[in-house]
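Take a look at the structure below.
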Amino acid sequence: MRSPNDFEKALVGDLVSENYVFAAVLHYFGISFYQYPTQSLEEVCKKHRVHASQLIAELEAWALQREPSNEDLFLNPIEVLVAYLKKKHYYFVRQELPFLSNLISGISGEPGFGPLIADLRIMFPLFVEDFIHHIHEEESRLFKRIEMLQDIEMDLFSIHDALIILEQEPISNLADQHEVHDDEMEGIRKLTADYFLKEDAPLPMKVLYHELQNFERELHIHAKIEDELLFPKAVELEREVLRQIRKKIKTN
């Protein structure tokens with residue numbers, strides 16, 4: 001890795017070429033890398049009143065980030081799993097999607113990519129709108145039902161109220177509906193020919209395709225965690241709550 005002094009003297013375009021993650025770090029500090037490809041990091045930092053050392057520290061922190069494994073998540077109770085998924089939703093909406101939107105709206109003048117960018121500027125906001133709606137639906141229906149099931153399990157509802165809640169849409173129905181959203185980026189993938197670019201493609205397009213592909217990969221992992229860990233745990237919780245309520249009814 002470059003020394004801090006080399007880092008500051010290096011051109012922004014070169015730094016991003018070496019590590020595409022740096023484009024996201026710059027965006028985090030309000031800097032669009034494609035606006036300053038031939039300026040040094042030191043110059044750009046002065047313009048935006050940011051210390052280069054902060055950028056370097058943030059880049060190093062991102063490099064050390066570790067996602068929990070499926071095994072880690074499986075061993076935790078369902079409320080920890082829900083909290084993790086909510087945190088990822090926040091990360092998608094507050095960090096990843098704004099960065100991608102910034103790239104798509106800001107990249108211009110790249111030879112041969114004008115029509116594609118124009119199409120993405122129409123398609124991506126629609127995808128974002130649908131994706132955010134999906135997140136809100138998931139949190140207000142699935143996560144809320146899990147929370148209410150836990151409350152029933154802890155005797156926070158009367159038997160009458162518990163039965164009313166249990167008669168509402170079961171977890172299995174929510175799981176079936178969830179599968180419809182498992183390939184949300186199909187249209188973008190087709191538009192970009194599976195994110196294929198020639199070796200001599202412009203750097204902004206390479207970063208954009210890399211970030212789109214990375215985001216899709218994260219969505220697949222996220223959906224897999226929900227399908228293989230969250231839903232089975234939620235179904236088991238629902239089954240156990242039903243068993244408890246039936247037992248209470250018999251003993252009353």
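The values are calculated or read from the model by the stated rules, or taken from the named source; none is laboratory data. Keep in mind that what you see is a predicted model, and the values were worked out from it rather than measured. Cβ: placed from backbone, ideal geometry, glycine included. Neighbour counts: every protein chain shown. Ligands, DNA and RNA are excluded from the accessible area calculation, which covers all protein heavy atoms including side chains. Shrake-Rupley method; radii C 1.70, N 1.55, O 1.52, S 1.80 Å.
Summary of computed values
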item: Residue within segment 213-227 that is more than 30 Å from Q35 (Cβ to Cβ), open to solvent by 20 Å² or more (accessible area, probe 1.4 Å) and among the charged types (D, E, K, R) present; result: yes
item: Some residue of segment 74-89 being on the phi > 0 side of the Ramachandran plot and within 23 Å of the chain's Cα centre (by Cα); result: no
item: Checklist (1) of a type in the set (A, V, I, L, M); (2) modelled with pLDDT of 95 or more; (3) touching a Leu at 6+ places or on another chain (Cβ under 7 Å) applied to L197, failing item; result: (3)
item: Within segment 8-55, helices (runs of 4 or more DSSP H) holding 1 or more residues that are within 13 Å of V207 (Cβ to Cβ) and of a type outside the set (K, R); result: 12-18, 21-28
item: Any pair with Cβ under 9 angstrom, 6 or more apart, that starts in segment 55-75 at a residue that is over 18 Å from L229 (Cβ atoms) and ends at one that is of a type in the set (G, A, S); result: W62/A24
item: Pairs, first touching a residue at least 12 places away in the same chain (Cβ under 8 Å) in segment 41-52, second of a type outside the set (D, E) and open to solvent by 100 Å² or more (accessible area, probe 1.4 Å), C-beta under 7 Å, six or more apart; result: E42/K9; C45/H51
item: Close pairs from segment 122-135: first over 17 Å from Y91 (Cα atoms), partner surrounded by 11 or more Cβ atoms within 10 Å (Cβ to Cβ), Cβ under 8 Å, at least 6 apart; result: M123/G187; M123/I188; M123/L191; F124/L100; F124/S101; F124/I104; F124/I188; P125/S101
item: Among (1) touching a helix residue (DSSP H, G or I) at 6+ places or on another chain (Cβ under 8 Å); (2) outside any helix (DSSP H, G or I); (3) open to solvent by 70 Å² or more (accessible area, probe 1.4 Å), the one test that E110 misses; result: (3)
item: Residues that are within 20 Å of Q95 (Cβ to Cβ), β-branched (V, I, T) and open to solvent by 50 Å² or more (accessible area, probe 1.4 Å), drawn from segment 5-50; result: V21
item: Looking only at segment 51-82, and only at residues there that are of a type in the set (V, I, T) and surrounded by 16 or more Cβ atoms within 10 Å (Cβ to Cβ), the one that is nearest to S3 (Cα to Cα); result: I56
item: Among (1) out of contact with any Asp or Glu (no Cβ under 8 Å at 6 or more places or on another chain); (2) under 30 Å from L166 (Cα atoms), the one test that R217 misses; result: (2)
item: Any hit, segment 180-188, residues being under 15 Å from L212 (Cα atoms), open to solvent by less than 70 Å² (accessible area, probe 1.4 Å) and assigned to a helix (DSSP H, G or I); result: yes
item: Which numbered condition F196 misses (of (1) open to solvent by 60 Å² or more (accessible area, probe 1.4 Å); (2) closer than 22 Å to V21 by Cβ; (3) under 20 Å from the mean Cα position of the chain (by Cα)); result: (3)
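One line per residue, one yes/no per condition, for (1) within 30 Å of P37 (Cα to Cα); (2) touching a Phe, Trp or Tyr at 6+ places or on another chain (Cβ under 9 Å); (3) open to solvent by less than 50 Å² (accessible area, probe 1.4 Å); (4) part of a loop (DSSP other than H, G, I, E, B):
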| site | (1), (2), (3), (4) |
| --- | --- |
| H160 | no, no, no, no |
| L174 | no, yes, yes, no |
| L237 | no, no, yes, no |
| R246 | no, no, no, no |
